[in-house]
Amino acid sequence: MSAPISVASAGPAADELAPVASARLADGRLAIVNAEGRLRLWRDAHESTDALQVECGGIAVTAHPALPVVCVSGPQGWALADLGAAGGPAPPEPAVVIAADQGSWSACARWSPDGQIVAVGADRWVVLLDPTGVEVARIGPLASTVTDCTWSRDGAILCAASYGGVTIAHKRDGSWPADAVDLREFTGSLLCLALSPSSDWLVSGNQDRSLQVYRLSEDTRLEMAGFTRKVTCAQFDTSGRWVANNGAAEVTVWDFSGAGPRGSRPFLLDDHQPTATCLAWHPARTGILATGDGRGLVRTWDVVDGRPGRPLRALRTPVVATGAAVRGLHWHPTGGDLWAVHADGSVHRSRGIR
Amino acid sequence: MTGTTSPRVPVTVITGFLGSGKTTLLNRILTEDHGMRIAVIENEFGEVGIDDSLVLSSEEEIFEMNNGCICCTVRGDLIRILGTLMSRRDRFDRILIETTGLADPAPVAQTFFVDEDIREACQLDAIITVVDARHGLDDLRELRAPGVENEAVEQVAFADRIVLNKVDLTDDGERAEIVAAIRSINSGAPIFEAVHADVELRQLLDVAAFDVQRILEADPAFLTDTDHMHDLTITSVGLQVPGEIVLERLNTWLGRLLSEQGTDIFRSKGILAIAGADRRYAFHSVHMLFNGDFTTAWGDGERINRMVFIGRNLDRERLTRDFEACLVDGQ
């Protein structure tokens with residue numbers, strides 16, 4: 001018999017506005033930003049504080065892998081903010097903006113795995129900043145506004161998506177020279193990117209309802225088409241074997257072991273309406289995936305239990321069920337708990353998930 | 001095919017050639033005392049009154065889209081901006097999009113067909129084209145090399161409402177001439193004469209031009225037949241044919257027509273009597289993108305099929321012949 005899951009929840013504050021993005025800090029706190037750039041910090045499901053308001057508005061937020069620093073990106077630029085240390089008996093330091101830039105459309109920001117650089121989309125450029133907000137390099141211009149970017153595990157490769165393909169930049173001798181940038185073309189609008197831990201497979205989710213799979217070592221591209229909606233989420237699990245993506249009522253999970261997914265049948269995680277809005281692989285257990293959908297259902301799945309081409313049943317009845325779309329899913333680094341952020345501002349923290 | 005019943009945010013597109021008065025009209029809408037909160041998306045950094053509205057500026061980004069056999073272009077910048085605005089959904093009553101003077105309206109309109117999130121959250125209300133009464137005729141008549149578009153003509157062709165601005169700078173003869181030129185391109189869109197874009201806003205807002213459920217209300221003069229001017233390559237063809245349509249034949253014909261000539265057919269709309277159906281079938285299309293649904297009951301009304309095509313190289317005889325072949329007694 002499965003151990004019970006305990007769920008602690010908090011509804012929105014009276015003036016709470018719909019969250020658009022969230023990120024989990026290394027100390028376990030959750031940073032949530034709304035479209036107006038208001039950033040709220042959750043210590044647990046019952047304790048949150050308004051941290052600060054950034055001028056750039058909010059589209060995305062990324063947390064430093066070790067420090068209590070986040071980068072918020074939005075329609076009018078970006079902002080780096082130090083949220084102050086958590087815990088301790090003394091009152092927390094107020095959050096402060098370390099650096100900011102206004103004027104460019106910034107849809108994405110990603111910290112490198114070692115925390116040395118944050119890559120920020122700025123119109124058609126990717127700007128690389130150090131943790132104090134100083135620009136160290138700039139990649140581009142891409143064919144259109146940057147929609148997503150992702151790092152290799154060693155931080156030596158940065159991939160950026162836009163209309164027309166993926167731009168791949170390679171770090172060389174500590175810098176990012178222009179001649180170490182190549183483009184993998186695709187005539188379409190790329191919305192999200194995922195790079196395998198091996199750095200050999202790159203996956204993009206696209207406006208034209210397809211998933212494009214690039215094998216970088218062989219310079220080949222495979223197309224998975226037939227989704228009923230645009231693909232806005234695609235993620236590798238930590239082992240690099242599995243990729244999950246949305247784009248239909250089923251979340252599709254591909255097996256990238258061996259020669260990759262060509263010719264294989266995927267696993268189908270059924271009944272997300274109208275599609276999954278968030279995906280999050282368990283950080284420690286291979287094949288365990290959390291999904292959230294437009295109805296506010298949060299469920300977990302074990303793809304290892306599944307059979308290719310057949311619908312897979314969720315591990316248990318919804319972990320959380322609200323009427324508001326899931327906007328963020330965040331596992332604790334050890335997988336001990338799962339945070340879910342919903343469009344109505346409610347936050348749920350679940351413990352005891354398998 | 002589903003009806004449009006959800007409360008989506010109405011979006012009005014304001015287009016028009018350089019100097020026609022688009023920004024003047026936009027500012028009027030924003031500053032008039034209507035009690036609405038409006039978000040504006042502009043591609044030119046003009047002087048837009050902000051008051052209680054939000055203004056987002058961006059560069060146009062045209063994206064090619066291929067969804068199966070459907071090929072079209074969309075505005076990538078609008079997809080991301082509208083997506084962002086929808087995250088503030090409860091704060092805006094309306095969205096206005098002001099295009100550049102050289103904009104092609106087709107990608108703007110097609111964006112609302114193609115992106116499912118936008119389609120579910122927004123309703124394209126109308127395309128308003130502002131025409132300079134004094135200089136517009138020159139713009140419409142400007143000859144371009146083969147294959148090169150005349151943006152002014154396209155903007156008139158796509159319009160659901162036309163504001164003929166700066167009429168104080170013209171005499172009756174000049175006005176009649178430009179109205180005739182506009183009519184030869186777009187036979188159905190109402191034309192409102194204006195000075196400093198002083199049109200009553202109720203004529204321009206909540207038009208529902210892209211709502212198939214309200215297509216009958218949107219164009220009361222839809223299918224006004226006119227004398228066609230020669231020398232303009234973009235024209236309107238209206239068909240009005242009594243009888244009932246066999247749905248399968250209609251689907252085959254429209255599918256072939258739009259895939260073969262979709263590039264040349266800028267817009268089409270129609271109200272059809274389908275054999276076996278007691279409700280009117282209304283549709284509209286932008287190039288190859290088509291949307292249709294059953295609407296109001298015919299009741300005792302005469303079942304007449306009405307369609308209009310606006311586009312380039314339209315063959316009225318062939319369209320009529322092929323359409324009549326879709327009738328119950330057409331083959």
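Considering A:THR132, A:THR145, which residue is surrounded by fewer than 18 Cβ atoms within 10 Å (Cβ to Cβ), among the β-branched types (Val, Ile, Thr) and part of a loop (DSSP other than H, G, I, E, B)? Walk me through how you get there before you give the answer.
Numbers: A:THR145 fails: surrounded by fewer than 18 Cβ atoms within 10 Å (Cβ to Cβ).
Answer to the check: A:THR132.
If I go through region A:185-210 residue by residue, how many of them are free of Cβ contacts under 8 Å to residues at least 40 places away in the same chain, of a type outside the set (D, E, K, R) and either more than 10 Å from chain B (Cβ to nearest Cβ) or part of a strand (DSSP E or B) (or both)? Full working, then the answer.
Taking region A:185-210 as the starting set, the residues that turn out to be free of Cβ contacts under 8 Å to residues at least 40 places away in the same chain are A:185-188, A:200, A:206-210.
After this cut, where a residue has to be of a type outside the set (D, E, K, R) as well, the list is A:186-188, A:206-207, A:210.
From what's left, either more than 10 Å from chain B (Cβ to nearest Cβ) or part of a strand (DSSP E or B) (or both): A:186-188, A:206.
Residues meeting the conditions: 4.
Just name the residue that is surrounded by the most Cβ atoms within 10 Å (Cβ to Cβ) out of those in region B:139-178 that are part of a strand (DSSP E or B) and free of Cβ contacts under 8 Å to residues at least 40 places away in the same chain.
Our first condition is that a residue be part of a strand (DSSP E or B); within region B:139-178, this holds for B:161-165.
Pick out the ones that are also free of Cβ contacts under 8 Å to residues at least 40 places away in the same chain and you get B:162, B:164.
Details: B:ILE162: 25, B:LEU164: 23.
Looking at residues that are part of a strand (DSSP E or B) and free of Cβ contacts under 8 Å to residues at least 40 places away in the same chain, I get B:ILE162.
How about region A:239-289: which of its residues are of a type in the set (A, V, I, L, M), away from chain B (no Cβ under 14 Å) and assigned to a loop (DSSP other than H, G, I, E, B)?
Within region A:239-289, A:ALA259, A:ALA284 qualify.
For region A:296-336, which residues satisfy the criterion of being out of contact with any helix residue (DSSP H, G or I) (no Cβ under 9 Å at 6 or more places or on another chain), outside any strand (DSSP E or B) and among the aliphatic types (A, V, I, L, M)? Spell out the reasoning first.
In the first step, residues of region A:296-336 are kept if they are out of contact with any helix residue (DSSP H, G or I) (no Cβ under 9 Å at 6 or more places or on another chain); the result is A:296-311, A:314, A:316-336.
From what's left, outside any strand (DSSP E or B): A:296, A:303-310, A:314, A:316-319, A:322-325, A:332-336.
Residues satisfying the conditions are A:VAL303, A:VAL304, A:ALA314, A:VAL319, A:ALA324, A:ALA325.
Taking the criterion of being closer than 21 Å to B:GLU154 by Cα, at pLDDT below 80, part of a helix (DSSP H, G or I) and of a type in the set (A, V, I, L, M), would at least one residue in region B:220-227 satisfy it?
Of region B:220-227, the ones closer than 21 Å to B:GLU154 by Cα are B:221-227.
Of the ones still in play, those that are also at pLDDT below 80 are B:221-227.
With part of a helix (DSSP H, G or I) added as a condition, the list becomes none.
Within region B:220-227, not a single residue is closer than 21 Å to B:GLU154 by Cα, at pLDDT below 80, part of a helix (DSSP H, G or I) and of a type in the set (A, V, I, L, M).
Answer yes if at least one residue in region B:12-25 is in a strand (DSSP E or B), within 14 Å of another protein chain (Cβ to nearest Cβ), at pLDDT 85 or above and closer than 30 Å to B:LEU140 by Cβ, and no otherwise. Can you show your working first?
First pass over region B:12-25, keeping only residues in a strand (DSSP E or B): B:12-16.
Within this subset, residues satisfying the condition of being within 14 Å of another protein chain (Cβ to nearest Cβ) are none.
No, region B:12-25 contains no residue that is in a strand (DSSP E or B), within 14 Å of another protein chain (Cβ to nearest Cβ), at pLDDT 85 or above and closer than 30 Å to B:LEU140 by Cβ.
Going through B:GLU174, B:GLU193 one at a time, which residue ends up being closer than 14 Å to B:ASP132 by Cα and touching a helix residue (DSSP H, G or I) at 6+ places or on another chain (Cβ under 6 Å)? Give the derivation first.
Numbers: B:GLU174 fails: touching a helix residue (DSSP H, G or I) at 6+ places or on another chain (Cβ under 6 Å).
When all the criteria are applied, what remains is B:GLU193.
Looking only at region A:299-314, decide whether some residue is within 16 Å of A:LEU30 (Cβ to Cβ), surrounded by 22 or more Cβ atoms within 10 Å (Cβ to Cβ) and among the hydrophobic types (A, V, I, L, M, F, W, C).
Of all residues in region A:299-314, those within 16 Å of A:LEU30 (Cβ to Cβ) come to none.
Looking for residues that are within 16 Å of A:LEU30 (Cβ to Cβ), surrounded by 22 or more Cβ atoms within 10 Å (Cβ to Cβ) and among the hydrophobic types (A, V, I, L, M, F, W, C), one finds none in region A:299-314, hence no.
Filter region A:70-98 for residues that are modelled with pLDDT of 95 or more and at positive phi and give the result.
Within region A:70-98, A:GLY77 is the sole residue that qualifies.
Quick one: how many residues across region A:154-168 are under 18 Å from the mean Cα position of the chain (by Cα) and closer than 22 Å to A:ASP208 by Cα?
5
Identify, please: which residue in region A:23-77 is among the small types (Gly, Ala, Ser) and part of a loop (DSSP other than H, G, I, E, B) and is, among those, farthest from B:GLY83 (Cα to Cα)?
Here is the first cut: in region A:23-77, the ones among the small types (Gly, Ala, Ser) are A:23, A:26, A:28, A:31, A:35, A:37, A:45, A:48, A:51, A:57-58, A:60, A:63, A:66, A:73-74, A:77.
In the following step, the residues that additionally are part of a loop (DSSP other than H, G, I, E, B) were identified as A:26, A:28, A:35, A:37, A:45, A:57-58, A:66.
On the way: A:ALA26: 30, A:GLY28: 29, A:ALA35: 11, A:GLY37: 16, A:ALA45: 28, A:GLY57: 14, A:GLY58: 12, A:ALA66: 32 Å.
Filtering first and then ranking leaves A:ALA66.
If I filter region A:168-181 for residues that are free of Cβ contacts under 8 Å to residues at least 60 places away in the same chain and within 14 Å of another protein chain (Cβ to nearest Cβ), do I get at least one hit?
Kept after step one, since they are free of Cβ contacts under 8 Å to residues at least 60 places away in the same chain, are these residues of region A:168-181: A:168-181.
So of that shortlist, the ones also within 14 Å of another protein chain (Cβ to nearest Cβ) come out as none.
No, because not a single residue in region A:168-181 is free of Cβ contacts under 8 Å to residues at least 60 places away in the same chain and within 14 Å of another protein chain (Cβ to nearest Cβ).
Name every residue in region B:55-69 that is modelled with pLDDT of 85 or more, within 7 Å of another protein chain (Cβ to nearest Cβ) and in a loop (DSSP other than H, G, I, E, B), in order of residue number.
Scanning region B:55-69 gives a single hit, B:GLU61.
Any residue in region A:97-115 that's under 13 Å from A:GLY58 (Cβ atoms) and within 14 Å of chain B (Cβ to nearest Cβ): show its pairings with residues that are in a loop (DSSP other than H, G, I, E, B) and of a type in the set (Gly, Ala, Ser) at Cβ separation under 7 Å, as long as the two are six or more apart or on different chains.
From residues that are under 13 Å from A:GLY58 (Cβ atoms) and within 14 Å of chain B (Cβ to nearest Cβ), the pairs are A:TRP105/B:SER58.
With region B:74-136 as the region, which helices (runs of 4 or more DSSP H) entirely inside it contain at least 3 residues that are more than 12 Å from chain A (Cβ to nearest Cβ)? Spell out the reasoning first.
Details: elements: B:76-86, B:105-114, B:116-121.
Correct list: B:105-114.
Check off (1) more than 16 Å from the chain's Cα centre (by Cα); (2) touching a residue at least 60 places away in the same chain (Cβ under 8 Å); (3) in a loop (DSSP other than H, G, I, E, B) for A:ARG349 and give me the number that stays unchecked.
The failed condition is (3).
The values are calculated or read from the model by the stated rules, or taken from the named source; none is laboratory data. Just so you know, these numbers come straight off a predicted model, no measurement behind them. Cβ atoms come from the backbone with ideal geometry, glycine included; neighbour counts cover every protein chain shown.
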